[in-house]
Amino acid sequence: MKRLFLTAGLTAVLALAAFAATGDGPNFSGTWSLDKAKSQGLDSRLQNADSATCVITQDDKTISMEWKVTGGQPPAGGAGGAGGGAGRGPAGPQTYTLDGKEATTEAMGGTNTTKATWSGKTLELSSVRAGNFNGNDFKFTSVDKLTLSDDGKTLTINRHRESQRGTTDSTLVLNKQ
């Protein structure tokens, strides 16, 4: 009998450890439409956009987000985009590994370091772009905290960004298409 309880206890501990190690959480995959009426702190491009969608693909190892914004005006100083910063969005999807480790790539005259970490059912995606453009050093930090409603139909992104232009905070509410 003791052996049965010991085996059951050990199995439970191993299952919890596996859950923590893999970062199992919600799957955010899908096409999501921005609900401007429920969102707060939107930049001028998103606020004035005819539509803004975010396409998310996720598997056991990675999550990738690609924003598509139509209409609206880009932020002053660049081509802008919902997924970018410092006046310019990233070309193509932004991809993060789900193993909790930092990944650094060369991008736009510098580096882009990304990291994804789970905290319960919330996925935190951080990105730091740094480098030099036309003789000027730049650093842009972005942290998106993604949470999914219990019914899986609403995605909320709490976003914090810092750059030479200042700090911004926003809450984006998206509905699954």
Say we look at the stretch 25-45 and pick out the residues that are at pLDDT below 95 and in contact with a strand residue (DSSP E or B) (Cβ under 8 Å, 6 or more places away or on another chain); which of these is nearest to LYS68 (Cα to Cα)? ARG45
Counting only residues that are within 17 Å of THR168 (Cα to Cα) and in a loop (DSSP other than H, G, I, E, B), which one in the stretch 46-77 is modelled with the highest pLDDT? PRO74
Lone qualifier among ALA82, ALA91 - being at pLDDT below 95, out of contact with any strand residue (DSSP E or B) (no Cβ under 6 Å at 6 or more places or on another chain) and in a loop (DSSP other than H, G, I, E, B): ALA91
Hits in the stretch 90-109 (condition: small (Gly, Ala, Ser) and at positive phi): GLY92, GLY100, GLY109
When you scan the stretch 31-45, how many residues do you find that are assigned to a strand (DSSP E or B) and crowded, with 18+ Cβ neighbours inside 10 Å? 2
Candidates THR113, THR122, THR171, THR154 - the one that is out of contact with any helix residue (DSSP H, G or I) (no Cβ under 8 Å at 6 or more places or on another chain), under 16 Å from LEU42 (Cβ atoms) and at pLDDT 95 or above: THR171
Determine, yes or no, whether GLY109 is surrounded by fewer than 14 Cβ atoms within 10 Å (Cβ to Cβ) and without any contact (Cβ under 8 Å) to a residue 12 or more places away in the chain. no
The number of residues in the stretch 160-177 that are without any contact (Cβ under 8 Å) to a residue 24 or more places away in the chain and either buried (at least 16 other Cβ atoms within 10 Å of the Cβ) or touching a strand residue (DSSP E or B) at 6+ places or on another chain (Cβ under 8 Å) (or both) is 3
Of all the residues that make up the stretch 120-159, how many are surrounded by fewer than 16 Cβ atoms within 10 Å (Cβ to Cβ), touching a residue at least 12 places away in the same chain (Cβ under 8 Å) and within 14 Å of GLY25 (Cβ to Cβ)? 5
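The values are calculated or read from the model by the stated rules, or taken from the named source; none is laboratory data. Because the structure is a prediction, the values reported are computed rather than measured. Glycine also receives a Cβ, built like all others from the backbone with ideal geometry; neighbour counts cover every protein chain displayed.
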